[in-house]
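**Q** Let me begin by handing over the structure; questions about it come next.
The values are calculated or read from the model by the stated rules, or taken from the named source; none is laboratory data. Owing to the predicted nature of the structure, the values given are computational and were not obtained by experimental measurement. Methodologically, a virtual Cβ is constructed for each residue, glycine included, from the backbone with ideal geometry; neighbour enumeration extends over all protein chains shown. These area figures cover heavy atoms from the full protein model, side chains too; ligands, DNA and RNA do not enter into them. Shrake-Rupley method; radii C 1.70, N 1.55, O 1.52, S 1.80 Å.
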Amino acid sequence: ENIIKDKWGTWLSVFVPIINSQGEIVGAVGIDYLASEIDVFHKEIFRIASLIGLLFFILALILFIIISNILVSPISKLTNFGRRIGEGEYNAVYETPKYRLIKDESDQLSDTLTLMVKNILAREEQYRMGVSDQRDFIVRWDAEERFTFANAAYCEAVGVNEEELLGTAFRLRLHDEI
């Protein structure tokens, strides 16, 4: 650096030669800057660059949050969809986000879960029909000994329908004729 101190202050001096068409130096142009102004200028550049860096960081963070929400949202919805099915809510529906143009793995997985639910419902209906048509008594009760299921043969034998029986305490009830 060309820092010069004289009786007028501290200066940064810059000289540029003036060259003629033959390549000879014929003069020079010099500029003196007050050193204190250069420090202020450097600090201002650093402040502006820091603000720009901070703004870019905030913008990148916001963009990251938006993009991660876009990517994670289908997985969260699919997880919720699977949980609801697991809890027995077989009418649960997975809605594909409207902003997506193509089907991805989460859509394929939701289609697979929907097919599984249809198959479960079909098997459950076959089971119910098979159990309902049984002439043997089939009942199920919970830990507090309340009915949770009774087939038609049992209901007929005790003289009540299933809706009246569900939730009531289990007692062996039979008609006198039996």
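**Q** Extension gain Ile25-Val72, at 0.36 nm per residue separation less the Cα-Cα distance, in nm?
**A** Numbers: separation 47, 0.36 × 47 = 16.92 nm, distance 6.80 nm.
Working it through step by step, the gained length comes to 10.1 nm.
**Q** Another question, then. Given a 1.4 angstrom probe, what's the average accessible area per residue across the chain, in square angstrom? List each step's numbers first, then the result.
**A** Working: 14040 Å² over 178 residues.
Accessible area per residue: 79 Å².
**Q** Something else about it: Given the C-alpha centroids of region 46-109 and region 134-164, what is the distance between them in whole angstrom?
**A** Using only Cα atoms, the two centres lie 47 Å from each other.
**Q** Moving on. With the crude spin-label approximation of a point 7 Å out along Cα→Cβ, what separation in nm comes out for Asp111 versus Phe64?
**A** 3.5 nm
**Q** Is the shape of region 1-55 rounded, prolate or oblate, going by the alpha carbon gyration tensor and its root eigenvalues a ≥ b ≥ c, with a/c under 1.5 for rounded and a/b larger than b/c for prolate? The partial results should precede the final answer.
**A** Working: a/c = 5.39, a/b = 1.72, b/c = 3.13.
Here region 1-55 falls in the oblate category.
**Q** Along the Cα→Cβ direction, 7 angstrom out, place labels at Arg135 and Ile45. What is the inter-label distance in nm?
**A** Computed distance between label sites Arg135 and Ile45 equals 10.1 nm.
**Q** Could I ask something else about it? Carbon and sulfur atoms: what percent of the 1.4 Å accessible area of region 1-103 do they account for?
**A** Working: 5890 of 8650 Å².
Carbon and sulfur: 68 percent of the exposed surface of region 1-103.
**Q** Mind ranking Lys103, Lys77, Lys5 by accessible surface for me, highest first, 1.4 Å probe? Please report the intermediate quantities before stating the final value.
**A** On the way: Lys103 130, Lys77 95, Lys5 160 Å².
Descending order: Lys5, Lys103, Lys77.
**Q** Now for a different question. Given the chain reduced to its alpha-carbon atoms as identical point scatterers, what log10 I(q)/I(0) does the Debye formula return at q = 0.18 Å⁻¹?
**A** -1.15
**Q** In debye to the nearest 20, how big a dipole does the chain give about its Cα centre with +1 on each Lys and Arg Cβ and -1 on each Asp and Glu Cβ?
**A** Values: 18 positive and 27 negative charges, 102 e Å.
I would put it at about 500 debye.
**Q** Still on this structure, please answer the following. Using only Cα atoms, tell me the angle between helix 105-132 and the longest principal axis of the chain; keep it within 0 to 90° and round to the nearest 10.
**A** Between helix and principal axis, roughly 10 degrees.
**Q** Which three extents, in whole angstrom, do the alpha-carbon atoms of region 43-144 cover along their principal axes, largest first?
**A** Principal extents (Cα only, largest first): 93, 39, 15 Å.
**Q** Percent of accessible area on region 114-156 owned by carbon and sulfur, 1.4 Å probe? Don't jump to the answer; show the numbers that get you there.
**A** Numbers: 1680 of 3130 Å².
Its accessible area is 54 percent carbon and sulfur atoms.
**Q** Right, something else. As I understand it, the value is the acute angle between the Cα axis of helix 35-86 and the longest principal axis of the Cα atoms of the chain; what does it come to in degrees, rounded to 10?
**A** Between helix and principal axis, roughly 10 degrees.
**Q** Here's a follow-up. With the Cα gyration tensor of region 36-92 giving a ≥ b ≥ c as the square roots of its eigenvalues, does the rule (a/c under 1.5 for rounded; else a/b larger than b/c for prolate; else oblate) give rounded, prolate or oblate?
**A** It is prolate, given that a/c is not under 1.5 and a/b is the larger ratio.
**Q** Before rounding to the nearest 500, sum -39500 (n - 2.57) across all DSSP H runs of length at least 4 in the chain and divide by the residue total; then give [θ] at 222 nm in deg cm²/dmol.
**A** Value at 222 nm, helices only, nearest 500: -18000 deg cm²/dmol.
**Q** Right, another one. Looking only at Cα atoms, what is the convex hull volume of region 1-99 per residue, in Å³?
**A** Values: hull volume 20.1 nm³, N = 99.
Dividing the Cα hull volume of region 1-99 by its residues yields 203 Å³.
**Q** Same structure again: For the chain, build the charge dipole from Cβ charges (+1 Lys, Arg; -1 Asp, Glu) around the Cα centre, then report which of Val117, Gly30, Ala60 sits farthest towards its positive end.
**A** Gly30
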